[in-house]
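Report on one structure; see the data block that follows.
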Amino acid sequence: MTAIEDFPGFRAPLLSRERTIARPGFNRWLVPPAALAIHLCIGMAYGFSVFWLPLSRAIGISDPVVCEGMGLSSALFTTSCDWRVADLGWIYTLFFVLLGSSAAIWGGWLETAGPRRAGVVAALCWSGGMVVSGFGVMTHQLWLMWLGSGLIGGIGLGLGYISPVSTLIKWFPDRRGLATGMAIMGFGGGAMIGAPLADRLMNHFQSVTGVGVWQTFFVMAVVYFVFMLAGAFGYRVPPAGWKPEGWQPKVSARKAGMITRHHVHLRDAHKTRQFWLIWLVLCLNVSAGIGVIGMASPMLQEIFAGSLVGRPDLGFTQLDAGQKAAIAAIAAGFAGLLSLFNIAGRLCWASASDRLGRKTTYFIFFGLGIVLYLLAPSAAY
């Protein structure tokens, strides 16, 4: 089938969906790298915990400047008190609230505007949000960080998350689970690259007058913007009616009653009981995982402290600057390790669902999750 961009004299706007329609013979395996380029960048949202402890002493540098009785509203505008980790953690909450809501609000727009336009907007929001956050650190205004990384960056997360998923599913109707896994594994793996990079940049830029966070934000914003633009312009969508060579969609197989006999339009999906049951289960599962990942770096540093550098007798506040730098690097590596398993889990479970079925796969990993969370407290002894 001839793509619209092949007609002589045709000139579609650079970011339009028409400009992304693939030419005949296009190799669909060229699309996953473009999707990964975007998801590996926005996946740094999982690694933001490496910034919490440095930011909690942005004024005091070596030790936090603590103001007794400071509430959250005061923390948003103070220029003389260091922020608490709990105040900074709200950025992480905003990340994922905005991710879900923006994906829901602009998901329909993505289908008409095309993945390239959505990817460019995601790059502008995600990188632009980091720049705004950098100015927030420079001026010590927490509300600017909430606005930048939390609000603007969260919108970028939502658009950047769904555009690769939507595109890859169109290219891999024969392997929908694998397609979804290839898209979202980059999001899970973003911290594996971003967290150690952020730690190195902060160590490079830190001085007696600063912890090096705002410079790190600016550098990472530029790097992410370049890679996300490359991913957005690498997107292609299949022509109408395209399907993999030799593949025919299955028209039977009502496995375990999973396929309904009735059509439910997207605008009516939220009116069904099944929608809210799935939403509730996924919300609880994601909240549990994000709760751990969001505080992974400070949690490891403050709980294990000197044990990480062979001094189990020392608490976190008793460590010198060199020891704190060493455990910060270990914590960044731990965030990266979580990210590595995040990659593996997303790809393996998504791929397995093509064979096991979605319902069976859900039962297995939700059941395992319950058991592992119950065992977690005893694992500390």
Subset of the stretch 310-323, residues open to solvent by less than 50 Å² (accessible area, probe 1.4 Å) and touching a residue at least 12 places away in the same chain (Cβ under 8 Å), comes to PHE316, LEU319, GLN323
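Quick check on this structure: which one of ASP82, ASP87 is in a helix (DSSP H, G or I), acidic (Asp, Glu) and farther than 22 Å from ARG236 by Cα?
ASP87
Listed here are the residues, each with its yes/no results for (1) within 30 Å of CYS41 (Cβ to Cβ); (2) open to solvent by less than 80 Å² (accessible area, probe 1.4 Å); (3) in a helix (DSSP H, G or I); (4) at pLDDT below 70.
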position: GLU245; (1), (2), (3), (4): no, no, no, no
position: GLN274; (1), (2), (3), (4): no, no, yes, no
position: LEU277; (1), (2), (3), (4): no, no, yes, no
position: CYS283; (1), (2), (3), (4): yes, yes, yes, no
position: GLU302; (1), (2), (3), (4): yes, no, yes, no
> Does any residue of the stretch 209-222 turn out to be in contact with a Leu (Cβ under 8 Å, 6 or more places away or on another chain), assigned to a helix (DSSP H, G or I), more than 21 Å from LEU36 (Cβ to Cβ) and not aliphatic (A, V, I, L, M)?
Replying inline: yes
Per the list (1) surrounded by 22 or more Cβ atoms within 10 Å (Cβ to Cβ); (2) part of a helix (DSSP H, G or I), residue check on VAL97 breaks on (1)
Condition set part of a helix (DSSP H, G or I) and open to solvent by less than 50 Å² (accessible area, probe 1.4 Å), scope the stretch 109-120, selection nearest to ALA269 (Cα to Cα): answer is LEU110
Counting only residues that are crowded, with 17+ Cβ neighbours inside 10 Å and on the phi > 0 side of the Ramachandran plot, the stretch 41-94 contains a total of 1
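The values are calculated or read from the model by the stated rules, or taken from the named source; none is laboratory data. What you see is a predicted model; the values in this text were computed from it and never measured. All Cβ positions, glycine included, derive from the backbone under ideal geometry; neighbour counts span all protein chains shown. Surface accessibility is based on the protein's heavy atoms, side chains included, excluding ligands, DNA and RNA. Shrake-Rupley method; radii C 1.70, N 1.55, O 1.52, S 1.80 Å.
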